[in-house]
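Values in this text are rule-based calculations from the coordinates and carry no lab data. Fair warning: this is a prediction, and the values are worked out from it, not measured in the lab. Neighbour counts are summed over all protein chains in view; Cβ atoms, including those assigned to glycine, are modelled from backbone coordinates with ideal geometry.
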Amino acid sequence: MDKTQTIHYQEYSADQLSVSDQDLIKEAIEATQSAYAPYSNFHVGAAIRMVNGTIVHGSNQENIAYPSGLCAERTALFSASAQYPGMPMETIAIVARNENGILSPALPCGACRQVMIEQQKRQGMNLRVICYISNNKILVFDRVECLLPFVFEM
Ligand code: THU
């Protein structure tokens, strides 16, 4: 039997977002400055707003032995978890700059989605995900399942 699953998300232009979400995107843009990406020249920035309003940055950190590097999102998620153990994360914003420094579409890879969904499960509270595609197209996912349906479970 054919079945269809719909994915729920919102699409906004930058000026339609709340000020706090606009600010979080600015924080993610700032985070791209600390990326170490000499191999891809793709600078990804992530900013997490913790439930108490604290902001945690992450950026991609590459390595000459490629798989040893880490994406911006997981750098931010693990850093937040290590610095503020047990504190729920409310929203993560993700942006990317291409080799010319131009903001480019930023959607999280599968491994980062998997880490986000485990964080959401641990904290028992939805983790919102904001993905910057362009100034006129910002995708907002209210919870991580919207980005990772049929997630692995044991
Ligand atoms: N990257 C991220 O930081 N986040 C993602 O979700 C996908 C990819 C990084 C990894 C690598 O440093 C560069 O982007 C190119 O793949």
Practice prompt. Compute the label zone of Asp23 within the stretch 40-54: residues whose backbone N is under 19 Å from the point 7 Å along Cα-to-Cβ.
Written response: 46-54
Worksheet item: Reachable lysines from Lys121, Cα under 23 Å, same-chain residues fewer than 8 places away excluded?
Response: none
Worksheet item: For the chain, what does -39500 (n - 2.57) per DSSP helix run (n ≥ 4), summed and divided by total residues, give at 222 nm, in deg cm²/dmol to the nearest 500?
Response: -8000 deg cm²/dmol
Worksheet item: Which of the lysines could a cross-linker bridge to Lys137, judged by Cα under 16 Å and excluding same-chain residues fewer than eight apart?
Response: Lys26
